[in-house]
Amino acid sequence: MADTTETPTGEALEQKLSELLEVERFEPPEEFRERALLKDPSVYEEAERDWKGWWSRQAKELLDWFEEPTEVLDDSDPPFYKWFADGKINASYNALDRHVDAGKGDKVAFHWRGEEGEERDVTYADLLRDVQRFANALKDLGVQKGDVVGIYVPMIPEVVVAMLACARIGAPHNVVFGGFSATSVRERMEFSEAKALVTVDGARRKGKTAPIKQQVDEHMGDLATLEHIIVIQSTGAGCDMQDGRDVWYHEIVEQAEDECPPEPLDAEHPLYILYTSGSTAKPKGILHTTGGYLTGVAATHKYVFDLKPDEDVYWCAADVGWVTGHSYIVYGPLLNGATSVMWEGAPDYPSRDVWWDIVEHFKVNILYCAPTAIRAFMKWGADLPAKHDLSSLRLLGTVGEPINPKAWLWYHLVIGGSRCPVVDTWWQTETGAIMITPLPGITTTKPGSATKPFPGTTADVVDEEGKPIERGQGLLVIRRPWPSMLRTLYKEEDRFIETYFDKFGRDTYFVGDAARKDEDGYFWIIGRVDDVVNVSGHRLSTAEVESAIVSHRKVAESAVIGQSDEDTGQSICAFVTLEGSEDEGDETIEAEIRDRVADRIGKFARPKRIIWAGDLPKTRSGKIMRRLLRDIAEGRELGDVTTLRDPAVMEQLEGKVKELQEQES
Ligand code: WT7
């Protein structure tokens, strides 16, 4: 039954929300707690007493090894850690074969729904059949253990097949989010020296078709390392096929042998590379390996989401192209034998209640999404979810950015009918798996706080010198290695050390986030301290956007900052100086700049605001002072200006920003 009587809308909702804003703590609902997998807080002490032993137990309980590891952690050469190093394992075997062997072949792995409402149920046996054939097809093309395979595919079941086929033969995959432009794909294929790329003819985007293969062709032509492009016929949009390089997925799969035994791989064999934005314009290739990564995602997926694989329908509404999709759409759920929902489209197509229709239709029990989506739903109104029966939901999760208490409460009240615990999970592409999170049957939650490190995991807040700050704001660090941690930056070992292990030494992982610890030891994540911006949970580098902007021939210089945004968390604000004597650009240049960014990175990176600047604030040595730009964009008092070369620049800019903000409001 829909809980419409319990879930207020309109003014009653506003009233209820403002009452709840006074409530600081939420206990796990009794009904939930009683049935939770973990309900005894002693799990934290138990894990702490022998953290290596605890992780080792997870590895053995949750995974099947061809050869069980005898060694847990090799920490003889920090920060190059090895987990379960003498074990042999295969990710696709653990995700598929062992469930099918246990008689669960007919179980649905994914209830897929396409943009136009069509549905496809994909079982564990279906996946195993397709993965084996595609793995053989890859081998037939000459892809070998250790070769990198790129994947640029939208949210269709074949993307899972492609990832697991790579894992089966030990070819690390390199997935690129479908929202990235073909230029970004090329760059990532080049950096990783990918031998093959799996893509689609076209992708559906809110009723239209994007010609993906054609865009790929326009940018991939002369890349010598890329020997094959494998095209999945997804939309039927026609595309050119280059002789000797391009093959149709359905044709090579048709010709391939049925059986492909899983390769017994070393635990430290690379599972995948995933590029993410850093402080410079060049994206970082985060490298994850097999045994430790699988241990981390299996354990967190099971216990953070309290997964009961024989009862639950689970839905992570992210895209497979981000780490959330890797860990909590593909690997975590499949390792745990879950039934998931996979949704091809956007939250507002064909209508703004499509998510709630999906929850009702598939009787979703566990929903995991980003705060940005929740803020959009709040804006669209509680009437839309109220039209649907959401009573199947029993647990809600969020990820990707700080969640403001009001959005947390709205989620809890309107979507969760006040009966679902909310787990705000903090982690990163680098950490591979959830690190700071409530355990839903144990933890008292506080809206806006990710609460405490997962059992066996550490986190700390320190000052600039690395000294712990017991209460108050500082820098977030992780003190101990954890199984799913990144192993290096692909082909950039020095940068790996420099980025994460220079600031506080080889044994302390520098996160790049500011955080605060409260009187109960709860963590409150504040945001990035480096030049990384988080737009709708999408991670972007200011340097990357700047370099796209200055590629416009009329642009002399640009400084990009992240600005607080009530919808998207942060938004991109670009200060732009034009060549020559031109002071102000016009709408045409503005549009051209946005197109440049869309073309170089992706549409989601386009600046929301462009501010024409006669000059940019710089230090005497010529460094742009982004900190001051952030201050004026947020309407704050300017911080320390003593190193500023020309104070007049700031006065001029402040006037401009004020003018723009008045226009906007
Ligand atoms: C950055 C990592 C984790 C998968 C999606 C993003 C921010 C992530 C939270 C949270 C506050 C969060 C951090 C982090 N972030 N989760 N629950 N509360 N901030 O992965 O693209 O690697 O981004 O996202 O700033 O460093 P990512």
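The values are calculated or read from the model by the stated rules, or taken from the named source; none is laboratory data. Computed from a predicted structure; not experimentally measured. No Cβ is skipped: glycine too gets one built from the backbone with ideal geometry, and neighbour counts run over all protein chains shown. Areas reflect the complete protein model, heavy atoms only, side chains present, ligands, DNA and RNA absent. Shrake-Rupley method; radii C 1.70, N 1.55, O 1.52, S 1.80 Å.
Laid out as a table, the results:
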quantity	calculated
Selection from the range 123-136 of residues that are within 25 Å of Arg204 (Cβ to Cβ) and open to solvent by less than 10 Å² (accessible area, probe 1.4 Å)	Leu127, Val131, Phe134
Criterion (open to solvent by 30 Å² or more (accessible area, probe 1.4 Å) and either within 11 Å of the ligand (Cβ to nearest atom) or part of a helix (DSSP H, G or I) (or both)) met by exactly one of Ile526, Ile549	Ile526
Residues located in the range 223-258, provided they are surrounded by fewer than 15 Cβ atoms within 10 Å (Cβ to Cβ), closer than 22 Å to Arg129 by Cα and polar (S, T, N, Q)	Gln255
Filter result (under 23 Å from Gly150 (Cβ atoms) and either aliphatic (A, V, I, L, M) or within 13 Å of the ligand (Cβ to nearest atom) (or both)) within the range 286-315	Ile286, Leu287, His288, Leu294, Val297
Residues satisfying the stated conditions in the range 424-457, i.e. among the hydroxyl-bearing types (Ser, Thr, Tyr), closer than 13 Å to Pro483 by Cβ and either away from the ligand (no atom under 12 Å from the Cβ) or open to solvent by 10 Å² or more (accessible area, probe 1.4 Å) (or both)	Thr457
Matching residues in the range 273-292 - criterion: being under 15 Å from the mean Cα position of the chain (by Cα) and either more than 14 Å from Thr499 (Cβ to Cβ) or not in a loop (DSSP other than H, G, I, E, B) (or both)	Ile273, Leu274, Tyr275, Thr276, Lys284, Gly285, Ile286, Leu287, His288
Residue list for the range 81-111, filter: open to solvent by less than 20 Å² (accessible area, probe 1.4 Å) and within 30 Å of Arg352 (Cα to Cα)	Ala109, Phe110
Search result, residues across the range 202-256 that are in a helix (DSSP H, G or I), within 26 Å of the chain's Cα centre (by Cα), at pLDDT 95 or above and among the hydrophobic types (A, V, I, L, M, F, W, C)	Ile212, Val216
Subset of the range 290-322 that is β-branched (Val, Ile, Thr) and out of contact with any Gly (no Cβ under 9 Å at 6 or more places or on another chain) - its residue that is surrounded by the most Cβ atoms within 10 Å (Cβ to Cβ)	Thr295
Subset of the range 276-299 [closer than 11 Å to Glu430 by Cβ and among the basic types (Lys, Arg)]	Lys284
Residue within the range 355-366 that is in contact (Cβ under 8 Å) with a residue 12 or more places away in the chain, within 15 Å of the ligand (Cβ to nearest atom) and touching a Leu at 6+ places or on another chain (Cβ under 7 Å) present	no
Test: residue in the range 386-396 that is among the hydroxyl-bearing types (Ser, Thr, Tyr) and either within 16 Å of the ligand (Cβ to nearest atom) or within 21 Å of Gly114 (Cα to Cα) (or both)	no
Filter pass, Glu470 being more than 9 Å from the ligand (Cβ to nearest atom), at pLDDT below 95 and in a loop (DSSP other than H, G, I, E, B)	yes
Residue in the range 410-421 that is under 29 Å from Leu287 (Cβ atoms), among the aromatic types (Phe, Trp, Tyr) and either open to solvent by 10 Å² or more (accessible area, probe 1.4 Å) or away from the ligand (no atom under 16 Å from the Cβ) (or both) present	no
Condition broken by Ser351, with the remaining ones in (1) surrounded by fewer than 20 Cβ atoms within 10 Å (Cβ to Cβ); (2) assigned to a strand (DSSP E or B) satisfied	(2)
Enumeration of residues in the range 108-149 that are of a type in the set (D, E, K, R), touching a residue at least 24 places away in the same chain (Cβ under 8 Å) and not in a loop (DSSP other than H, G, I, E, B)	Arg113, Arg120, Arg129, Asp130, Arg133, Lys139, Asp140
Top-ranked residue in the range 531-546 [being among the hydrophobic types (A, V, I, L, M, F, W, C) and within 13 Å of the ligand (Cβ to nearest atom); ranked as surrounded by the most Cβ atoms within 10 Å (Cβ to Cβ)]	Val533
Candidates Asp518, Asp507, filtered to the one that is of a type outside the set (A, V, I, L, M) and within 16 Å of the ligand (Cβ to nearest atom)	Asp518
Output for the range 354-369, where each listed residue is in contact with a strand residue (DSSP E or B) (Cβ under 9 Å, 6 or more places away or on another chain) and open to solvent by less than 30 Å² (accessible area, probe 1.4 Å)	Val354, Trp355, Ile358, Val359, Phe362, Val364, Asn365, Ile366, Leu367, Tyr368, Cys369
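Residue-wise test of (1) surrounded by 21 or more Cβ atoms within 10 Å (Cβ to Cβ); (2) in contact with a helix residue (DSSP H, G or I) (Cβ under 7 Å, 6 or more places away or on another chain); (3) hydroxyl-bearing (Ser, Thr, Tyr).
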position	(1), (2), (3)
Val161	yes, yes, no
Glu193	no, no, no
Val200	yes, yes, no
Arg205	no, no, no
Lys208	no, no, no
Ile212	yes, no, no
